[in-house]
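Trainee: One structure, pasted below without further comment.
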Amino acid sequence: MVEDEPAIADTIQYALESEGFLCRRLEVGAGVVELLDRQPVALVVLDIGLPDLSGIEVCRQIRQRHDVPIIFLTARSGEVDRVVGLELGADDYVSKPFSPRELAARVKAVLRRARPGASPAPATAFALDEERRQISYFGRPLDLSRYEYRLLVVLLKRPGRVYSRDELLDLVWDAPEASLDRTVDAHVKNLRAKLREVRPDVDPIATHRGAGYSLREGL
């Protein structure tokens, strides 16, 4: 997503991550193509009114090197703007103000057209190698303690499943009866810090107040 207004960017990120997508945020057009060179993505949501380059120019640059689907986001809804955007290679066009649900639906529709017969899904963030006792996150091996590794394995095997602190103590710790609830909280905190070192814009572990923790689905 390339959008310079924080409130709009927050809305878009929430709408897409609620549908299971991982969202990388940029505020300016410079560097978008270079980022796509390093980290291919499924789709780009691109604001036309950026503070440095126009979204139309960014789209032109992207099209010179990548065929990633693009959805334009703009406060201008005139027919000329729409036609120019689509002729440049955009796949869809959403005018502000917009419904977050509608935007998420359009993202799914564009991805279905781009990959016929496939369900749109984000790239897998985690890779688990149990033989080597190694977990990678966005391609980077994590340096985890014994209990951090065990804790993350439990969460990885059932995304979306909420585990209470007592359940995690029983499943992860060698002597759960000698451990405290806050032991789980401390390990989750350390684990989150290590994940943020790799991707500070993503928080894959969800806290369910009064209930426990889960791994967000769609990762």
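The values are calculated or read from the model by the stated rules, or taken from the named source; none is laboratory data. Keep in mind that this is a model prediction, so the values were computed, not measured. Glycine gets a Cβ as well: all are built from the backbone with ideal geometry, and neighbour counts include every protein chain shown. We work out accessible area using only protein heavy atoms, side chains counted, and drop any ligands, DNA or RNA first. Shrake-Rupley method; radii C 1.70, N 1.55, O 1.52, S 1.80 Å.
Trainee: Given the conditions (1) over 17 Å from MET1 (Cβ atoms); (2) at pLDDT below 80; (3) surrounded by 14 or more Cβ atoms within 10 Å (Cβ to Cβ); (4) of a type outside the set (Val, Ile, Thr), report the number of the one that PHE126 does not fulfil.
Mentor: (2)
Trainee: Can I ask one more? So, in the stretch 95-123, of the ones that are outside any loop (DSSP other than H, G, I, E, B) and loosely packed, with under 13 Cβ neighbours inside 10 Å, which residue ends up modelled with the lowest pLDDT?
Mentor: If we take residues in the stretch 95-123 being outside any loop (DSSP other than H, G, I, E, B) and loosely packed, with under 13 Cβ neighbours inside 10 Å, then ARG113 is modelled with the lowest pLDDT.
Trainee: Using beta carbons and a limit of 6 Å, which pairs, at least six apart or on different chains, have the first residue in the stretch 196-219 and in contact (Cβ under 8 Å) with a residue 12 or more places away in the chain and farther than 27 Å from ASP166 by Cβ and the second one open to solvent by 30 Å² or more (accessible area, probe 1.4 Å) and part of a strand (DSSP E or B)?
Mentor: VAL198/ARG140
Trainee: Is it the case, given these coordinates, that LEU36 is at pLDDT 85 or above and in contact with a strand residue (DSSP E or B) (Cβ under 9 Å, 6 or more places away or on another chain)?
Mentor: So LEU36 passes the test.
Trainee: Still on this structure, please answer the following. Would you call ALA9 touching a Lys or Arg at 6+ places or on another chain (Cβ under 8 Å), at pLDDT 90 or above and open to solvent by less than 70 Å² (accessible area, probe 1.4 Å)?
Mentor: Yes; evaluated as a whole, the condition is true for this residue.
Trainee: Does ARG24 satisfy the condition of being basic (Lys, Arg), free of Cβ contacts under 8 Å to residues at least 12 places away in the same chain and either open to solvent by 10 Å² or more (accessible area, probe 1.4 Å) or within 22 Å of ILE205 (Cα to Cα) (or both)?
Mentor: Here the answer is no, as ARG24 does not meet what is asked.
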